[in-house]
Amino acid sequence: MTATAAVTATTTAGRLGTRITAPVRDGLAVAWRNLIALRRVPRLLVFSTIQPLVFVLMFRYVFGGVVGPALPPGVGYVDFLIPGIFVQTAVFGSMNTAIGLATDMQTGLMERFRSLPMARSAVLSGRTTADLARNVFVVALMTAVGFALGFRIHAGVPAFLGGVLLVLAFGFAMSWIFAVVGMAVGDPETAQAAAFPVLAPLVFASSAFVPVSTMPGWLQTFAEHQPVSKTAEAVRVLVLGGPATTAVWEALAWDAGIVAVFAPLGVWLYRRAV
Amino acid sequence: MGQAAISVVGLSKRFGAVTALDGIDFDVPAGSIFGLLGPNGAGKTTAIRILTTILRPSGGRAVVLGHDVVREAATVRRLIGLAGQYAAVDPNLTGRENLRLIGRLTQLPRPRIRPRAAELLDRFDLADVGDRPVRTYSGGLRRRLDIAAALVPDPPVLFLDEPTTGLDPHSRTALWDLIRELVRDGTTVLLTTQYLEEADRLAGRVVVVNEGRIIADDTPAALKTRLGNTVIELGMGDETRASQAAGLLTERLGEPPEREGVLLRLASRDGSRLLLDVLHSLESSRLVPHTVTVRESSLDDVFLALTGHRTQPVRSAQDGADSPATPGGTP
């Protein structure tokens with residue numbers, strides 16, 4: 001029983017330190033694994049890239065003519081649209097978190113993870129972190145496409161980068177919502193089907209693509225306050241210029257609130273998952 | 001409890017109205033191989049999942065190397081390795097990356113991770129395919145990698161859930177050798193299996209599980225002797241001849257053979273003597289069987305001896321009684 005005694009001693013001694021470092025360390029290990037899969041199965045990345053590309057082209061050329069006149073004077077539709085596309089990309093991308101986790105649950109891999117001495121949050125945070133890394137890539141690409149279509153930064157590069165960080169923070173928060181969806185439904189097809197009815201109203205009943213002022217009154221109330229609009233608005237201010245502080249704080253408050261609710265819920269589901 | 005590496009007392013698990021485990025008790029001595037033997041759905045996997053902290057029991061308790069699997073789950077996870085029925089490895093990672101991932105997640109010291117992965121790939125004959133994504137592996141390769149993954153942290157207690165199901169005979173024997181080798185080095189192994197032969201080859205002690213309960217706790221040899229090592233199956237061709245032969249053999253042997261349609265089944269400790277006897281007396285009554293099969297007793301036979309029924313309603317292939325309209329069929 002000496003081996004046992006040794007194990008007990010080390011776990012007790014290291015407990016305080018590892019309580020903080022272990023979730024990060026294990027989460028990064030799982031994120032590493034998820035990113036390898038992304039590199040090795042490039043279609044995952046290709047499809048999460050094509051979709052926002054289609055959106056940006058469609059909106060630019062289909063709705064551009066209609067929406068343009070409704071915009072504040074001096075604002076071109078491309079400059080209005082690209083921040084919205086960033087946010088839409090991050091939101092739709094977060095669906096991958098649900099699909100990825102649900103896929104893992106179907107293989108025996110989740111069972112193995114649950115029997116390992118790793119942080120209970122690591123499987124989820126490893127997934128959301130990998131999805132965050134994927135978003136960095138997709139947003140960079142969308143920026144390049146935006147520039148090709150005539151998008152320009154009006155408020156300086158630092159503010160623009162701040163806007164990008166806000167988009168990434170929002171994508172990360174949305175990933176935690178979909179981590180919960182993925183754990184709850186447990187299979188990838190259902191996860192995908194369950195995601196759309198949640199995502200579509202959030203993305204379309206928002207200021208991501210069109211100004212809220214064109215919507216009926218009852219919808220405006222929802223559209224003005226929901227997180228997609230708040231984030232799009234904050235990013236837009238950071239890109240186009242203007243007093244940014246309130247909008248940014250409101251967007252960050254949404255992100256913090258979402259993570260505070262959904263991260264513990266996701267970990268709770270992971271602990272209980274059968 | 002002395003040197004028990006695993007100790008299980010009154011362990012039960014219910015899923016809603018279904019009772020998967022109905023109070024089981026057993027002790028596994030340290031450094032031994034212990035078998036949980038039972039048909040599909042007997043509760044073997046549920047027991048393994050509780051012991052590996054994946055599931056919480058509904059009642060009773062289980063202790064691994066002195067640590068309660070519920071209250072000290074985190075400590076237990078540092079002492080165990082698990083390889084399941086479904087190879088739990090990432091198909092998109094290479095074999096080597098899978099092992100390194102487990103190394104990181106079991107907190108192996110950083111410099112030890114790469115050498116340990118290489119060492120296990122060698123030991124499991126996976127060095128050649130170690131840098132290929134696992135999705136290109138055959139089932140046997142995956143299974144080997146899965147077991148290698150369980151061994152990354154060199155756990156003192158290893159759980160193997162039906163480790164050889166679906167393996168070809170060669171891989172199966174190789175795996176048996178490997179398990180024996182681990183135990184020689186001091187590892188305690190608890191394995192589940194549906195094969196009496198496997199339990200017999202490996203385990204020093206076996207519990208037979210049926211519908212969540214233990215119905216026998218013995219050495220594999222003793223289990224086999226309980227009903228006889230050899231099973232003889234006689235296919236009589238048609239019902240009339242089967243009844244005649246059954247009557248004759250009951251008279252000869254003092255007890256009736258088991259009958260399943262046109263098939264008669266006998267078990268004995270002395271198979272060759274019984275076979276000679278039986279064929280001789282059948283021939284003298286002009287009841288020569290159409291088919292004769294002689295085999296070692298299986299889990300199914302043990303089940304019959306212990307419970308009075310087989311693990312599932314099987315018929316034997318040779319008399320082709322496969323039609324849904326078999327006599328005695330349920331409405």
Original post:
Kirkwood Rh, Cα Rg: Rg to Rh for region A:23-272?
Top reply: 0.99
**OP:** Along Cα→Cβ, 7 Å out, is where each label goes; now give me the distance between the ones at B:L306 and B:S138 in nm to one decimal.
**Re:** 3.3
Original post:
What list do you get for B:R226, B:R172 if you sort them by fewest beta carbons within 10 Å?
Top reply: B:R226, B:R172
**OP:** For chain A, set up a Gaussian network in which alpha carbons nearer than 10 Å are linked by springs, and say which option among A:F80, A:F196, A:F172 fluctuates the most.
**Re:** A:F196
**OP:** For B:E283 and B:D185, calculate 0.36 nm times their separation in residues minus their Cα-Cα distance, and state this gained length in nm to one decimal.
**Re:** 29.8 nm
Original post:
Under the rule of -39500 (n - 2.57) per DSSP H run of 4 or more residues, summed and divided by the residues of the protein assembly as shown, what mean residue ellipticity at 222 nm is obtained, to the nearest 500 deg cm²/dmol?
Top reply: -18500 deg cm²/dmol
**OP:** Identify which of A:G162, A:G84, A:G150 has the largest mean-square fluctuation in a Gaussian network model of chain A, with springs joining Cα atoms closer than 10 Å.
**Re:** A:G150
Original post:
Using a basic spin-label model with each label point 7 Å from the Cα along Cα→Cβ, how many nm lie between B:A74 and B:Q244?
Top reply: 7.6
**OP:** Provide the three semi-axes, in whole Å and in decreasing order, of the ellipsoid equivalent to region B:22-129 as defined by the square roots of 5 times the Cα gyration tensor eigenvalues.
**Re:** 29, 17, 13
Original post:
What base-10 log of the normalised intensity I(q)/I(0) is obtained for region B:127-168 from the Debye formula, alpha carbons as equal point scatterers, at q = 0.18 Å⁻¹?
Top reply: -0.58
Original post:
Helices from chain A with mean Kyte-Doolittle at least -1.0 and a Cα length along the axis of 30 Å or more, per DSSP H: which?
Top reply: A:2-40, A:77-106, A:122-148, A:157-185, A:245-272
Subject >> Two-decimal log10 I(q)/I(0) for the protein assembly as shown, as the Debye equation yields it once each C-alpha is a single scatterer, q = 0.12 Å⁻¹ >> reply: -1.14
**OP:** For a footprinting-style exposure proxy, rank B:Y137, B:Y195, A:Y61 by other Cβ within 10 Å, fewest first.
**Re:** A:Y61, B:Y195, B:Y137
Original post:
What Kirkwood hydrodynamic radius, in Å, does chain B give when the mean of 1/r is taken over all pairs of distinct Cα atoms and then inverted?
Top reply: 22.1
Original post:
Over region A:110-235, one equal point on each Cα, no solvent: what is log10 I(q)/I(0) by the Debye formula at q = 0.10, 0.15, 0.18 Å⁻¹?
Top reply: -0.43, -0.89, -1.14
**OP:** Pop the C-beta distance of A:V54 and B:D128 into the FRET formula with R0 = 41 Å and round what comes out to the nearest 0.05.
**Re:** 0.40
**OP:** Please state, rounded to one decimal and in Å, the Kirkwood hydrodynamic radius that region B:131-228 gives when every pair of distinct Cα atoms enters the mean of 1/r.
**Re:** 14.9
Original post:
How long are the three semi-axes of the equivalent ellipsoid of region B:55-196, in whole Å, if each is the root of 5 times an eigenvalue of the C-alpha gyration tensor, listed from largest down?
Top reply: 24, 19, 14
**OP:** Quote to one decimal, in nm, the extra length available between A:A70 and A:L265 on full extension: 0.36 nm per residue of separation minus the C-alpha distance between them.
**Re:** 66.1 nm
Subject >> Sorted by Cβ density within 10 Å, fewest first, the residues B:W176, A:W268 >> reply: A:W268, B:W176
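Just so you know, all these numbers are worked out from the coordinates, no wet-lab data involved. Keep in mind that what you see is a predicted model, and the values were worked out from it rather than measured. With ideal geometry, Cβ positions are generated from the backbone for all residues, glycine too; neighbour counts draw on all protein chains shown.
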